[in-house]
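A.B. asks: Here you go, one structure.
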Amino acid sequence: MMSAAMDHRASSPWTVHWANISKMAAEVPGVTTYELTFGDPLIAREYQFSPGQFNMLYLPGVGESAISISSDPAEPEKLEHTVRVAGNVTRAMSRLHVGDQIGIRGPYGSAWPMRSCREHDVVIACGGIGLAPLRPAIHHIIHHRDDYGRVYLLYGARTAKDLLYTEQYDAWRNAGIEVEVTVDIGDAEYRGHIGVVPILFYRLRLKPERTRVLTCGPEVMMRFVIFEALARKIKRDHIHVSMERNMSCAVGLCGHCQLGPTFVCKDGPVFTYQALEPYLNLENF
Amino acid sequence: MAPRHLPVGSFVRIDKHDLQSILDSLSQRGYRTIGPRLRDDAMVYDELTRVSDLPIGYIDEQDGGRYRVVSDPQQRWFGYVVGPHSLKNFVFPPHETLLRSHRDADGLWSTQTELPETRPVAVLGVRSCDLRALRVQDRVFLEGPYVDVHYQSRREPLFLVAVNCARAAATCFCHSMKTGPAVRGGHDLALTEFVDHFVIEVGSDTGGEVVTETNWTPCTIEEVQAANDVPQRLSSAMQLRDKTLPASSAGDVEVDHPNGRYLDIRGIRELLLDNLEHARWQAVGKRCLSCANCTMVCPTCFCSSVEEVASLTQDNVERKRSWASCFTAEHSYMNSGTVRKTTASRYRQWLTHKLATWHDQFGQSGCVGCGRCITWCPVGIDLTVEVAALRGDKS
């Protein structure tokens, strides 16, 4: 990737590039997708990212927030972030309009292992907003569908109204991705599966030696996804998790996102379960 | 052609009062000169333009939660060891502006990186542990995939006049961490103090140029040997102190008794990471006030937070970086909650990072054995005791 080849050491890691909101789309209650277009044509032309990476989005006077990139890596000029209102920065973002400016630093962090997933079956297990950092991986798989074996998306949300990107599921299914959806709480209109994401594993017939799991969601959900994957004899280093911590500088200099020996911002956010196993189940670690 | 200045590695002798001419020479070269000063009953780093402002004739007594300045019967110039400040204060200051954003009349934002003032700093009186701590911070800020240009702009022109320690506080354990007491590299000049003179070892070309301008004489072999002996004798005494704890003499070298520190670093990474649920963390968590003093005085702690400082009109915004500490709740705060909710978990984070996971991240220990965290802990928590407790009882 271009971003990896760029010489990070040549400029201040705090340098912000300005972008304008070119599109805003309300997804589900409290969640909006922002398409951002860089003001500097050179940056716009050169910017690339890998599935699973994130940007620091900046609103002067409010602050920065680490937001994963949710769009197709093959079309970096249509750079999208699907953002749930959770704190000061995301709340202030929700009050912006098309044309408003947002500062960007990035892309940062490790990526989903799209290369080593080739010729494997891939289980994408995610919950809530955790689908956003996996959508670039889904796009990538669809572009290179023949490189991958069976591909499952196991996705859950609190209610049917909280399910992201529902209008795209048919296209994904048509592209050869088996989409299984579940919600925690059903209602009168909902006809689908009810229950937590890890339960969807029981619908799959997996070949453990050729399966890789990509998971992102609340930590408790990921712990149970890992439990189900391990129960099916999937190798520890074939389970990939995207972690959330307090990523503030994004470049491993501020210390806030440490998780054991790692800085989640630069060593992660995507880790193998094997790397995190000693630390994931420790309370308050 | 012979060099016009004293080469690196040469040893010279100057009369004690000629140290002033070194300060003068540094000032003339444009350096802001910093050195130990007695302020608020502690030795701190501050502006120093006259050697007579050094805390001559004072030493420090340090122990867990205790720091006292007392008079030194030997009237040494550098008889004290380390105070609450370190070089961190000058290369990674407690507060600094990183970036400025401005919104113009059309409502468009632009930003510029704010680099620090360019006047270089020279620090006099730096100890071996602090030189090593600077190397630890260099690794963090300069040698990773991203360079902290703010640190770099202060670090590169830094001029360091080190001092070989002749005395150890009860909290010092550089001998355990192999970071002292002898100055070994990273200095421009290294002083060894005697009654009437200093022996100076030239550590850099700039250092050689500065000394060449003073009233120096070449050292005899005996004088060089005597200078090397000063930290060597202290090192031996500190090792002897380990064997003779708690209360006996350590030869004729002055080593504060009876509470000398020692840290057994054998297998320390595994010791800590294999004992993440040891009951000792809860015990120390009950004593710890989570006040963050240890992280503020630690010369290697590098955590920071950035906050927005906006003008009233919100058109001019600075991003200001300040030291942060893993002992606060907001340090690990995410919108889903704080990761490390308890004091015990924060102490565990700090100690395991400092002594264990620092090796994973930076290939070395994050501790240089300066003992500041012991001295400046209000309740006297002592990391050497905590590690010994983990080692003694791995239940």
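A.B. asks: Test A:Ala66 against the criterion of being in contact with a Gly (Cβ under 9 Å, 6 or more places away or on another chain) and on the phi < 0 side of the Ramachandran plot, and give yes or no.
C.D. replies: Here the answer is yes, as A:Ala66 does meet what is asked.
Listed here are the residues, each with its yes/no results for (1) within 9 Å of another protein chain (Cβ to nearest Cβ); (2) crowded, with 19+ Cβ neighbours inside 10 Å; (3) farther than 28 Å from B:Phe141 by Cα; (4) in contact with a helix residue (DSSP H, G or I) (Cβ under 8 Å, 6 or more places away or on another chain).
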residue: A:Glu189; (1), (2), (3), (4): no, no, yes, yes
residue: A:Pro198; (1), (2), (3), (4): no, yes, yes, yes
residue: A:Phe227; (1), (2), (3), (4): no, no, yes, yes
residue: A:Met243; (1), (2), (3), (4): no, yes, no, yes
residue: A:Gln258; (1), (2), (3), (4): yes, yes, no, yes
residue: A:Val264; (1), (2), (3), (4): no, yes, no, no
residue: A:Tyr279; (1), (2), (3), (4): yes, no, no, no
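A.B. asks: Take region A:245-256 and flag every residue that is at positive phi and either at the interface with chain B (Cβ under 7 Å from one of its Cβ atoms) or of a type in the set (Val, Ile, Thr) (or both).
C.D. replies: First, pick out the residues of region A:245-256 that are at positive phi: A:250, A:252, A:255.
Scanning region A:245-256 gives A:Gly252, A:Gly255.
A.B. asks: Another question, if that's okay. For region A:266-277, which positions are among the aliphatic types (A, V, I, L, M) and within 11 Å of chain B (Cβ to nearest Cβ)?
C.D. replies: Residues of region A:266-277 that are among the aliphatic types (A, V, I, L, M), as a first pass: A:270, A:275-276.
A:Ala275, the sole residue that qualifies.
A.B. asks: Just to verify a result, which residue in region B:272-283, among those that are in contact with a helix residue (DSSP H, G or I) (Cβ under 8 Å, 6 or more places away or on another chain) and within 14 Å of another protein chain (Cβ to nearest Cβ), is surrounded by the most Cβ atoms within 10 Å (Cβ to Cβ)?
C.D. replies: B:Trp281
A.B. asks: With the structure loaded, tell me whether B:Ser345 is within 14 Å of chain A (Cβ to nearest Cβ), under 20 Å from B:Val91 (Cβ atoms) and touching a residue at least 24 places away in the same chain (Cβ under 8 Å) or whether it fails that test.
C.D. replies: Numbers: within 14 Å of chain A (Cβ to nearest Cβ): yes; under 20 Å from B:Val91 (Cβ atoms): no; touching a residue at least 24 places away in the same chain (Cβ under 8 Å): yes.
So B:Ser345 does not fit the description; no.
A.B. asks: Provide a single number: the residues in region A:79-112 that are without any contact (Cβ under 8 Å) to a residue 24 or more places away in the chain and under 19 Å from the mean Cα position of the chain (by Cα).
C.D. replies: Within region A:79-112, residues that are without any contact (Cβ under 8 Å) to a residue 24 or more places away in the chain and under 19 Å from the mean Cα position of the chain (by Cα) number 2.
A.B. asks: Regarding region A:125-141, can at least one residue be identified that is modelled with pLDDT of 95 or more and loosely packed, with under 15 Cβ neighbours inside 10 Å? Break it down stepwise before answering.
C.D. replies: Residues of region A:125-141 that are modelled with pLDDT of 95 or more, as a first pass: A:125-141.
If we keep only those that are loosely packed, with under 15 Cβ neighbours inside 10 Å too, we end up with none.
No: region A:125-141 contains no residue that is modelled with pLDDT of 95 or more and loosely packed, with under 15 Cβ neighbours inside 10 Å.
A.B. asks: Within region B:64-173, considering only helices (runs of 4 or more DSSP H) that don't extend past its boundaries, which have at least 3 residues that are within 14 Å of chain A (Cβ to nearest Cβ)?
C.D. replies: Fully inside region B:64-173 and qualifying: B:128-141, B:149-155.
A.B. asks: Next question, about the same structure. Would you confirm whether any residue within region B:356-363 is within 14 Å of chain A (Cβ to nearest Cβ) and among the β-branched types (Val, Ile, Thr)?
C.D. replies: For region B:356-363, residues within 14 Å of chain A (Cβ to nearest Cβ) and among the β-branched types (Val, Ile, Thr): present.
A.B. asks: Please find, within region A:232-258, the residue that is nearest to A:Val123 (Cα to Cα) out of those that are among the small types (Gly, Ala, Ser) and assigned to a loop (DSSP other than H, G, I, E, B).
C.D. replies: A:Ala250
A.B. asks: Let me ask something else about it. Considering every residue within region B:352-362, establish whether at least one is at positive phi and not polar (S, T, N, Q). Steps first, answer last, please.
C.D. replies: First pass over region B:352-362, keeping only residues at positive phi: none.
No, every residue in region B:352-362 fails to be at positive phi and not polar (S, T, N, Q).
A.B. asks: Determine whether B:Phe90 is of a type in the set (Phe, Trp, Tyr), closer than 30 Å to B:Asp382 by Cβ and buried (at least 22 other Cβ atoms within 10 Å of the Cβ).
C.D. replies: For B:Phe90, the condition - of a type in the set (Phe, Trp, Tyr), closer than 30 Å to B:Asp382 by Cβ and buried (at least 22 other Cβ atoms within 10 Å of the Cβ) - is not met.
A.B. asks: Something else about it: Quick check on region B:299-342: of everything there that is surrounded by fewer than 22 Cβ atoms within 10 Å (Cβ to Cβ), assigned to a strand (DSSP E or B) and of a type in the set (D, E, K, R), which residue is nearest to the other protein chains (Cβ to nearest Cβ)?
C.D. replies: Result: B:Glu308.
A.B. asks: Do the conditions hold for A:Ala231, that is, is it in contact with a Ser or Thr (Cβ under 9 Å, 6 or more places away or on another chain), more than 8 Å from chain B (Cβ to nearest Cβ), surrounded by fewer than 22 Cβ atoms within 10 Å (Cβ to Cβ) and farther than 22 Å from A:Ala132 by Cβ?
C.D. replies: no
The values are calculated or read from the model by the stated rules, or taken from the named source; none is laboratory data. Note that the structure is predicted; figures quoted are calculated from it, not measured. Backbone-built Cβ (ideal geometry, glycine too); neighbour counts: all protein chains shown.
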